[in-house]
């Protein structure tokens, strides 16, 4: 035991520790207790703190877990970093769930042990379990309501759209269909806003981080809103600061939704004048991080001072819905505020009644250097799922199957609702695809033949077997035959929080919310049929299940050389990556998982993802993304995801060694 300072002696012998209303203990570097407060001693079955001095965890009621505790203690001492974790602790009379914090203990400038505390959170955990159970019930209700209400409403809106655009229909019928179409859009918009709100409150809807061009994103949105602005004779202008880096890394989809809500509101509340959207570089935090400002200014009705403090509250409206002055649901600004907060940003508002309003959002983003965005094909944006069908349901006329060339892609649509079957088939025919329909899960499994279909759209709520089980059956067929996986996209009206996770586990590649439009269908085919990196609004991409061709390259050195400018630079980068994976990444990842230090692990994974932006290793990149996703969502599959990372690192190193030998 190290020599204790006078301060430490006084600390352990006085009643100072007893004044702290939680368990407190001190250990030396060998795991022996230097002392503890009476609170902890009593929990362990001892009369006072002096009674535990010199003992180890092996002599305490929690002896069965002593090996794990010793490993954590050594990690704290060697890493010189505190560790916080939730764990089960066996006390003298009961077992509890505790929040434990262990911190290095310094004496005379050297680490000689640790100081720890723990608090009983058993009741809190039980309350959390009850709350989660209630949330699951709420989620199940939303999932059923989504399918039972949104599916038929989608069919009504889509059929009305067909009639509106059918030149052979009588003018009176087209006029009535237009009324049905407009009313249906409003119902779908309200419904989807409620679903989005529910997901936000249950910590869902955090989009994946990706490399993107902010300028292109703003141009997409400007194009989207120009018709709305023109219909009200308003100006819609965009100004963009040339100092903003060309390529940024962050939650593109979340930024997209923030801007959609703010610009939509600005146009809604403005009757004369216009709206100006300005993007500017607020500040450079450091070489790799910046703070971007997004400013939306309108010449609308303005917001009274007393209402500016409440406009971000849920279900708050400037005017009551029964007055019919301004349409809306009182959800948009609340959603914007939630997105901004989760991105660690800030939102400000300045407004004057009769003059207009300015909303300014500040967001921290990462700069990506030496990467070309030319290959990043971004399609013209459609409205997000919060306003789905508001103005972009595809207009189409039915095409006969024999009007399509024989080599046109063939798609299997698995859907039980007759109206949705009809509308989806017409839409996909118009987009240039041959379509077969399966009305049940059993029909889908029977219809699937290797090589027959290029893509499958899968409904979740089928009458006999759900879409998850159908997908798993198809994946088993492919595995048995040893063939490449066919892309399967969930096309669903479900608003369930965990629908993406379920789809991923079943083996799907993405999730689209009904109704799909023609532009989305073409984008999905470009991404999954042709392998083009297109952006598809409303598509949740399941990274860990993205399509992999048989024999896919573990290391694409040619693409890496094209990215970095030469084969020599590509080889240098591969050398550095191999060294990093073996020397630091794998050992550190293993240690952080064992100690459940997920905060530090998240930072390490993001650093690795930044490195992998410069090296084309799709399987390894996919594995790291999968582990990062599991960490962020506190998934029970963390160990499984880590095993997948280990497997892909081994594959990379093996390919790397073979590449070096043949070079």
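The table that follows gives values for the structure above.
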quantity: Out of 28, 18, 57, 64, sole residue that is farther than 19 Å from residue 101 by Cα and assigned by TED's automatic domain parsing to the domain that holds residue 111; calculated: 64
quantity: Some residue of region 52-63 being in a loop (DSSP other than H, G, I, E, B), modelled with pLDDT of 90 or more, in contact with a helix residue (DSSP H, G or I) (Cβ under 7 Å, 6 or more places away or on another chain) and surrounded by fewer than 15 Cβ atoms within 10 Å (Cβ to Cβ); calculated: no
quantity: Pair list, Cβ < 8 Å and 6+ apart or interchain, from region 296-314 residues that are without any contact (Cβ under 8 Å) to a residue 60 or more places away in the chain and not assigned by TED's automatic domain parsing to the domain that holds residue 278 to residues that are surrounded by fewer than 20 Cβ atoms within 10 Å (Cβ to Cβ) and in a loop (DSSP other than H, G, I, E, B); calculated: none
quantity: Single residue of 77, 97 found to be in contact (Cβ under 8 Å) with a residue 24 or more places away in the chain, touching a helix residue (DSSP H, G or I) at 6+ places or on another chain (Cβ under 6 Å) and not assigned by TED's automatic domain parsing to the domain that holds residue 587; calculated: 97
quantity: Out of 590, 567, 532, sole residue that is modelled with pLDDT under 80 and either crowded, with 18+ Cβ neighbours inside 10 Å or not assigned by TED's automatic domain parsing to the domain that holds residue 66 (or both); calculated: 532
quantity: Exclusive hit being crowded, with 16+ Cβ neighbours inside 10 Å, at pLDDT 90 or above and closer than 28 Å to residue 108 by Cβ, set 11, 17, 40; calculated: 40
quantity: Residue among 244, 255, 263 that is over 15 Å from residue 358 (Cβ atoms) and either assigned to a loop (DSSP other than H, G, I, E, B) or touching a helix residue (DSSP H, G or I) at 6+ places or on another chain (Cβ under 6 Å) (or both); calculated: 244
quantity: Some residue of region 629-641 being in contact with a strand residue (DSSP E or B) (Cβ under 7 Å, 6 or more places away or on another chain) and in contact (Cβ under 8 Å) with a residue 12 or more places away in the chain; calculated: no
quantity: Residue count, region 266-300 (criterion: in contact with a helix residue (DSSP H, G or I) (Cβ under 6 Å, 6 or more places away or on another chain) and not in a strand (DSSP E or B)); calculated: 1
quantity: Filter result (touching a strand residue (DSSP E or B) at 6+ places or on another chain (Cβ under 7 Å), buried (at least 21 other Cβ atoms within 10 Å of the Cβ) and part of a helix (DSSP H, G or I)) within region 426-450; calculated: 428, 429, 444
quantity: Residues (more than 30 Å from the chain's Cα centre (by Cα) and part of a helix (DSSP H, G or I)) located in region 563-582; calculated: 567, 568, 569, 570, 571, 572, 575, 579
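Okay, residues lined up against (1) modelled with pLDDT under 80; (2) under 24 Å from the mean Cα position of the chain (by Cα):
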site	(1), (2)
202	yes, yes
206	yes, yes
233	no, no
242	no, no
245	no, yes
252	no, yes
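The values are calculated or read from the model by the stated rules, or taken from the named source; none is laboratory data. Keep in mind that what you see is a predicted model, and the values were worked out from it rather than measured. Every residue, glycine as well, gets a Cβ built from its backbone with ideal geometry; the counts of neighbours run over all protein chains shown.
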